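Asker: First the structure, then my questions, so here it is.
Derivation of every value follows stated rules applied to the coordinates shown; laboratory data play no part. Computed from a predicted structure; not experimentally measured. Backbone-built Cβ (ideal geometry, glycine too); neighbour counts: all protein chains shown.
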There are 2 protein chains.
Amino acid sequence: MQTQTTPTAPQSRASSQPQASGRSLEHPRREAIRLEDVLHALSDPMRMRVVRTLEEENCELSCSVFDLPVSKSTTTHHFRVLRECGVIHQIYRGTAKMSALRRDDLDALFPGLLDSVLAAAALQEGRLGGNRG
Amino acid sequence: MQTQTTPTAPQSRASSQPQASGRSLEHPRREAIRLEDVLHALSDPMRMRVVRTLEEENCELSCSVFDLPVSKSTTTHHFRVLRECGVIHQIYRGTAKMSALRRDDLDALFPGLLDSVLAAAALQEGRLGGNRG
DNA sequence: AGTGTAGTTTGACGATCGCCGTACTACTTC
DNA sequence: GAAGTAGTACGGCGATCGTCAAACTACACT
């Protein structure tokens, strides 16, 4: 994704790279993450799809690369749910909003949970015949 | 439901223990169990409590031993959700309805998932201060 | 300044959820 | 039989969910 090239020096007022914009995003502290909220977040196919993609790519991704089969506002909603329950971290970079899995926090709080959920999703996908969704 | 007009049928008392009654309970086949349904089922605190108790006791338990802080009809509802999504197996024994975890099925479909979810629940309970909710 | 891209906010919608009480069925025991 | 116990079915209630369209804000690139 990301033709990361963008060599034309983000000369912007700031010094180096496109930094987080003024808009602020609320994230729960690690200790505030609740298992039931995480399970609920992951019980939606759209959100599971997002989490699986983030895991596979293993890097920050902008919301727009996901191309979910729902409207823009619904996409915003799902990312917000994932962020507010502590599953992903989001940050503004210019006009994009980058998302990343909060792997370290989740692994610290619930060891092995994310791995087994993702493995289960992959297994089920294979079982049901590659309906990635 | 079925007008079991077989009066001589309940010979059970004479023979052995109370067997499964005529009332039938629908369970999804193993292959029909869906990850998203399981995660949704476990995202409710009442149902998580039931599942944790079943795991700890590791045997069939009647609904009435759980003593959830909700009404009888709500309890029925939660057990039904757990059964219909494939997390528990239920069977009538006389006037009681016994419930048991479908550990083998869940472990076969989603290896490690149940364990890590239960471990996560235990960890969180310790973290948040023993509110066994 | 003007156009375009990326994402948000609002308000609405139907569906589902968790919960209740009441009335009911199925079984056991007296 | 009658009485008691265990659980179900049926609405109904308010809250939340997933979804959408429309109007909006924030940034980038001419």
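Asker: Summarise the partner chain shielding of B:41-52 as one whole number: the mean count of Cβ atoms from other chains within 10 Å of each residue's Cβ.
Answerer: Mean shielding by partner chains, rounded to a whole number: 2.
Asker: I've got another one for you. Along Cα-to-Cβ, 7 Å out, sits the label point; list in nm, shortest first, how far the one on B:SER71 is from those in the other copies.
Answerer: For B:SER71, the other copies' label points sit at 3.6 nm, shortest first.
Asker: For the range B:77-121 and the range A:104-122, what is the separation of their C-alpha centers, rounded to whole Å?
Answerer: 20 Å
Asker: Same structure, new question: Given label points at 7 Å from Cα along Cα→Cβ, what nm distances, shortest first, separate B:GLU26 from the same residue in every other copy?
Answerer: 4.1
Asker: Could you pull out every one of the lysines with an alpha carbon less than 27 Å from that of A:LYS72, ignoring same-chain neighbours closer than 8 positions?
Answerer: A:LYS97
Asker: With +1 on the Cβ of every Lys and Arg and -1 on the Cβ of every Asp and Glu, and nothing else charged, how large is the dipole of the range A:30-119 about its Cα centre, in debye rounded to the nearest 20?
Answerer: 380 debye
Asker: A further question on this structure: Taking amide hydrogens as modeled 1.01 Å from N in the peptide plane, which residues meet the under 5 Å criterion relative to A:SER62, leaving out close sequence neighbours?
Answerer: Correct list: A:SER99.
Asker: For a quick check: with amide H placed at 1.01 Å from N, whose amide H comes under 5 Å from B:GLY94's, ignoring anything fewer than 5 positions away on the same chain?
Answerer: Here B:GLN19, B:SER21 satisfy the definition.
Asker: Please list, in order along the range A:80-90, the HN-Hα scalar couplings obtained from phi with the Karplus expression 6.51 cos²θ - 1.76 cosθ + 1.60 (θ = phi - 60°), rounded to whole Hz, x for Gly and Pro.
Answerer: Karplus values, whole Hz, x for Gly and Pro: 5, 4, 4, 6, 5, 9, x, 7, 10, 10, 10.
Asker: Evaluate peptide B:109-121: per residue, the Cβ atoms of other protein chains within 10 Å of its Cβ; return the mean as an integer.
Answerer: Mean shielding count: 6.
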